[in-house]
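Some notes on the structure that comes next.
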Amino acid sequence: MCVKIMFILGGTSARTIAEDISKELQQPLIKVTYKRFPDDEFYVRILDDIKGEDVLIVQTTYPDTKIVELLLMQDAVYEAGANEITVALPYFGYSRQDKKFEDGEPISARAIAEHISLHADYVITVDPHKEHLLDFFNVPAYSCSAVVEIAKYLKEKDVDFVLAPDKGAKKRAQQAAGIIGCESDYMEKTRIDGTTIKIKPKNLDAKNKNVAIIDDIISTGGTMAKSIRELKKQGAKKVSVACTHGLFVGGAKEKLLSAGCDEIISADTIEDEFSKVKTAPCIAEMFLKISQ
Ligand code: R5P
């Protein structure tokens with residue numbers, strides 16, 4: 001429980017998380033007006049007096065329009081004379097372009113991070129695609145994880161094997177398996193381009209198992225669909241997929257279901273029909289830690 005009074009501002013892409021954090025910390029939500037001008041430009045106005053107060057702004061930076069909204073919310077809070085501004089990004093969009101893969105490209109994650117840093121004293125994000133993304137912010141940035149809550153959910157569903165679809169997700173799968181009390185393994189994945197991947201078949205101990213495949217992001221669902229097929233081929237009884245950030249673009253839902261997926265589970269960093277796991281507890285916990 002927070003001792004010092006602070007205010008929470010929930011952006012349009014994270015209203016539920018902001019409400020949940022407000023309940024979790026027992027701190028008020030800022031009254032605010034949002035609207036769009038006839039030409040679709042964004043308008044925000046803070047209605048409470050927040051002069052000298054600490055403020056936690058919560059906004060997922062996906063899709064692109066939500067980045068502009070966040071920058072304007074930060075400016076409004078700054079102009080209203082807030083004291084410390086913490087920005088929580090449940091999902092930090094653009095995090096996968098974290099380096100130049102080809103000459104002439106931007107480092108998109110750094111570009112966005114630098115702009116967010118302009119009116120922020122601290123940043124919190126959930127399960128960043130890679131931990132080094134935190135270094136792109138010009139202010140102290142921290143990460144928290146939805147994996148514990150996802151693992152608790154999977155345990156309730158009697159999952160008895162956790163698989164990472166690639167080596168990058170191996171630690172996440174091991175952590176979830178540790179909480180559930182079961183085995184974990186990973187697949188060998190090679191990405192050809194944004195929509196094409198190759199999964200190398202590997203003998204897994206999945207026969208007759210209730211398997212969960214866990215990753216940070218499900219975007220087009222291509223990675224998960226290939227892994228589901230491989231697991232079903234190897235005799236898995238049930239296969240569910242779980243992620244922190246569910247983008248579900250390009251027919252991902254249909255792709256997953258037609259591959260034989262038994263359940264789709266996502267945390268609520270991008271709200272959709274699969275948001276079954278809450279991230280407010282881990283964001284609130286991290287906020288308390290850094291504000292001590
Ligand atoms: C990549 O490294 C990420 O961890 C995910 O595996 C990837 O973003 C999933 O993309 P898709 O759903 O399009 O296969």
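Here, each number is a calculation from the coordinates, and none is a lab measurement. If you're wondering where the values come from, they're calculated on a predicted model, not measured in any experiment. Because the Cβ atoms are built from the backbone with ideal geometry, glycine has one as well, and the counts that use them run over all protein chains shown.
The Cα atoms of the stretch 11-56 cover 37, 25, 12 Å along the three principal axes, with the biggest extent listed first. Couplings 3J(HN,Hα) of the stretch 206-221, computed from phi: 10, 4, 6, 9, 9, 9, 10, 9, 10, 8, 6, 10, 10, 9, 7, x Hz, in residue order, whole Hz [Karplus 6.51 cos²θ - 1.76 cosθ + 1.60, θ = phi - 60°; x for Gly and Pro]. Legend: calculated FRET efficiency, E183 to E114, from the Cβ-Cβ distance at R0 = 35 Å, rounded to 0.05, equals 0.25.
For the set K189/K253; K99/K238; K233/K278, the pairs lying more than 27 angstrom apart at their alpha carbons are K99/K238; K233/K278. In this simple spin-label approximation, N83 and V139 carry label points 7 Å from Cα along the Cα→Cβ vector, and these lie 1.5 nm apart. Report the calculated FRET efficiency for E285 and K157 (r = Cβ-Cβ distance, R0 = 30 Å), to the nearest 0.05. Rounded to the nearest 0.05, the efficiency is 0.80.
Computed over the chain, the per-residue total of -39500 (n - 2.57) for DSSP H runs of n ≥ 4 gives a 222 nm mean residue ellipticity of -9000 deg cm²/dmol, rounded to 500. Given the options I197, I116, I213, which has the most mean-square fluctuation in a GNM of the chain, springs set between C-alpha atoms less than 10 angstrom apart? Result: I197 has the largest fluctuation of those listed.
Taking a point 7 Å from the Cα of E131 along the Cα-to-Cβ direction, the residues of the stretch 143-161 with backbone N closer than 14 Å to it are 143-145.
Between F37 and D121, how high is the FRET efficiency from 1/(1 + (r/R0)^6) when r is the Cβ-Cβ distance and R₀ = 35 Å? Nearest 0.05. For R0 = 35 Å, the calculated efficiency reads 0.70.
Quick one: if you stick a label point 7 Å off each Cα along the C-beta vector at D75 and K99, how many nm between them? Distance between the two pseudo-spin positions: 3.4 nm.
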